[in-house]
Amino acid sequence: MRRFSQKHGFQTLSEINVTPLLDLAFVLLIIFIITTPLMDQTSNLVLPSSKASSNAVNPALQQSVTLDKDDQITLNTQPVSIDQLASLLSAKFSSQPGIAVVVRSHRDLPVQKLVDVLDAIHRAGVTKVGVVTNPPSE
């Protein structure tokens, strides 16, 4: 048995206890996993605006889709539903593959309505799509 009163019984430790080090690493990993998504969603986003516009599409092949504030969808001047929009644009795209669609939406509509219309245009196979906005105010 060893006595505690002996002074020559102390020895230096040549090993590092790894358990507290790993505990600290895992705690920091969990903290970073939790806080990273929060930092991404709290950033204020200012979208860029452009004063230059180029019209590389033939105006004769341009189709206009309008969403008014009453959720009414019109293709050129004809009122249509979302399913009719996809089928009409698909028929026009098969006969004229170079058509482009310009979407104009009321600013007070939820974004999901605009996304639904853009999805219908995508289902029709149209690849040239533009969204009309107001020019930036100075």
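A few points about this structure:
- Residue that is modelled with the highest pLDDT [pool: residues in the stretch 75-95 that are open to solvent by 60 Å² or more (accessible area, probe 1.4 Å) and under 17 Å from residue 130 (Cβ atoms)]: 92
- Near pairs, Cβ below 8 angstrom, 6+ apart or cross-chain, from the stretch 92-114 (in contact (Cβ under 8 Å) with a residue 12 or more places away in the chain) to any residue that is among the aromatic types (Phe, Trp, Tyr): 99/93
- Inspection of the stretch 64-74 identifies no residue that is part of a helix (DSSP H, G or I), open to solvent by 70 Å² or more (accessible area, probe 1.4 Å) and of a type in the set (S, T, N, Q).
- The residues of the stretch 100-121 that are in a loop (DSSP other than H, G, I, E, B) and closer than 17 Å to residue 77 by Cα amount to a single one, 106.
The values are calculated or read from the model by the stated rules, or taken from the named source; none is laboratory data. Computed from a predicted structure; not experimentally measured. When we count neighbours, we look across all protein chains shown, and the Cβ atoms used for this are built from the backbone with ideal geometry, even at glycine. Protein only, heavy atoms only, side chains kept; ligands, DNA and RNA dropped before computing areas. Shrake-Rupley method; radii C 1.70, N 1.55, O 1.52, S 1.80 Å.
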